Amino acid sequence: MNQDTEKITHIYRIDRHPIQEMPESIQNRYLEGLACVCYDIADGDPAMGVLFAQWGHSIVGKNVSDKYRKQPIESIKKAISLNRIGFLFFRFKHEFYYDCYYLVESYNANLLPQLNIYLTENGKSMFTKAALAEKQNYFVGGSGEITISEEQKAHRQANLEFKKQRTSRVLVVATVSAGKSTMINALIGYNFNKVRATACTSRLCEIYNKPVNDGISYYTSSNLIYDHDINSHSSDETTKIGLHFKSSLGNTKICLIDTPGVNNSVDQRHWKTTTDAIAGGAYDMILYISNGQYNGTVDERKILEFIYKNSKCPIIFALNQLDRFKSSADDIGIMISDFTKELKSIGFKTPKVFPVSAQFAYLSRLDYLDEDEELELEQLKKRFSKDFYDLPKYIGGYAGDNIGRSGISHIEFEIKKLNQQY
Ligand SMILES: Nc1nc2c(ncn2[C@@H]2O[C@H](COP(=O)(O)OP(=O)(O)O)[C@@H](O)[C@H]2O)c(=O)[nH]1
Ligand SMILES: [Mg+2]
């Protein structure tokens with residue numbers, strides 16, 4: 001199974017492409033030529049199909065159907081031939097060559113020399129020779145000079161810069177119903193993990209951040225899928241996914257690894273998947289989520305002891321669901337210190353405990369709320385306007401805004417710090 005994570009964090013569509021402004025006939029000719037090059041070089045690989053289809057969608061503003069798939073070799077010359085609009089003449093040689101190089105590079109940069117030969121043989125005329133040489137120098141020769149729209153240039157730059165960053169991997173661990181799904185949804189800003197009473201899957205799911213909002217990309221076995229509409233998807237469909245995090249993590253290259261919630265009495269497979277991941281060590285930090293209402297259970301102690309003995313990475317502990325407590329009867333400060341004592345009794349030397357309401361953070365970040373959620377958010381907002389629910393206060397922190405009071409910003413800050421260490 002070849003699942004390339006680069007393709008999951010890749011930005012596919014572009015907001016403004018010069019050919020968008022052109023009449024449909026010119027757009028078509030342009031895309032036919034581009035399809036010919038892309039599919040020829042990638043030997044018809046569907047992964048190239050995704051790159052071409054989304055770029056094409058940016059240009060024509062609608063789905064690019066399979067009709068572009070099999071184009072004759074002459075379509076390349078047609079795409080860069082002279083176009084007449086009214087009294088004006090245009091030739092889109094720069095845009096065209098750039099797109100060829102950029103899409104092939106995104107698909108597999110090792111194929112660029114082959115593209116050089118291919119375009120020199122099949123896609124060059126005396127009028128376009130210099131433009132082709134310039135693109136070759138830019139993409140293969142490392143020259144910084146290029147005649148191209150700012151948008152096309154910036155799109156590649158954004159992808160390249162993000163690819164250069166190291167990925168920080170955060171393993172998210174919790175007992176069942178602690179609020180792991182809610183926390184992950186809050187960190188990414190979408191209702192992506194379905195919130196349920198029971199944990200359903202016994203596998204890991206890796207959720208990668210993309211640098212800008214550009215739909216969702218994921219794999220089903222080895223097939224790369226892209227959908228511009230994020231909201232129609234859920235983590236049940238896949239084990240590896242890329243989407244833009246609508247939170248303060250949005251610019252950072254991060255992978256959240258969702259583990260099956262552990263609940264010893266229910267499912268041994270969950271325990272095995274999660275503990276294998278903990279012991280495997282393929283992460284930079286563990287985010288452990290504890291249910292503020294029921295922490296210190298036998299199940300919790302067991303998984304925490306396992307983490308203590310088998311992990312060498314930093315751990316942060318989120319004490320969740322604190323919005324459920326009442327200022328009249330409860331003391332959040334004492335709850336934090338009790339939990340800290342419990343962690344110390346297991347062996348953690350100086351555990352970092354973060355008080356949080358994943359639910360408040362999550363609802364505050366959603367774009368669309370149903371009626372019940374709307375109501376719940378209103379109530380939570382009222383509640384969080386009281387000093388008692390200023391959660392960062394309990395750990396000597398400061399809440400800059402409404403969401404900050406939920407405690408999530410402090411957790412995100414810890415995650416972001418990972419990238420600054422390298
Ligand atoms: N009040 C409140 N409820 C929460 C919070 N986090 C999660 N929940 C609720 O707790 C239940 C379990 O949450 P879920 O995220 O599915 O837990 P998971 O099993 O750990 O993934 C759901 O009904 C959530 O709505 C929170 O911070 N506050
Ligand atoms: Mg869950």
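Residues of segment 272-327 that are among the aromatic types (Phe, Trp, Tyr) and either outside any strand (DSSP E or B) or open to solvent by 60 Å² or more (accessible area, probe 1.4 Å) (or both): TYR283, TYR294, PHE306, TYR308, PHE325.
Against the test of being within 15 Å of THR350 (Cα to Cα), among the β-branched types (Val, Ile, Thr), in contact with a helix residue (DSSP H, G or I) (Cβ under 7 Å, 6 or more places away or on another chain) and assigned by TED's automatic domain parsing to the domain that holds ALA178, the options ILE316, ILE289 yield a single qualifying residue, ILE316. In the set (1) assigned to a helix (DSSP H, G or I); (2) modelled with pLDDT under 95; (3) touching a strand residue (DSSP E or B) at 6+ places or on another chain (Cβ under 7 Å), the condition left unmet by GLN3 is number (1). Residues in segment 247-271 that are touching a Ser or Thr at 6+ places or on another chain (Cβ under 8 Å) and open to solvent by 60 Å² or more (accessible area, probe 1.4 Å): VAL266, ARG269.
Residue-by-condition table, conditions (1) within 10 Å of ligand 1 (Cβ to nearest atom); (2) at pLDDT below 95; (3) more than 18 Å from ALA178 (Cα to Cα); (4) in the same structural domain as LYS381 (by TED's automatic domain parsing):
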position: ASN320; (1), (2), (3), (4): yes, no, no, yes
position: ARG324; (1), (2), (3), (4): yes, no, no, yes
position: GLY333; (1), (2), (3), (4): no, no, yes, yes
position: SER337; (1), (2), (3), (4): no, no, yes, yes
position: GLU342; (1), (2), (3), (4): no, no, no, yes
position: VAL353; (1), (2), (3), (4): no, no, no, yes
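Among the residues of segment 205-246, the one identified as open to solvent by 60 Å² or more (accessible area, probe 1.4 Å) and either within 16 Å of ligand 1 (Cβ to nearest atom) or in contact with a Leu (Cβ under 6 Å, 6 or more places away or on another chain) (or both) is ASP236.
Inside segment 366-420, residues that are in contact with a strand residue (DSSP E or B) (Cβ under 7 Å, 6 or more places away or on another chain) and either open to solvent by 80 Å² or more (accessible area, probe 1.4 Å) or of a type in the set (Val, Ile, Thr) (or both) make up a count of 3.
The values are calculated or read from the model by the stated rules, or taken from the named source; none is laboratory data. These numbers come from a predicted model, not from an experiment. Neighbour counts run over all protein chains shown; Cβ positions are idealised from the backbone, glycine included. The protein model used for the area step is the full one, side chains on, heavy atoms only, and it has no ligands, DNA or RNA in it. Shrake-Rupley method; radii C 1.70, N 1.55, O 1.52, S 1.80 Å.
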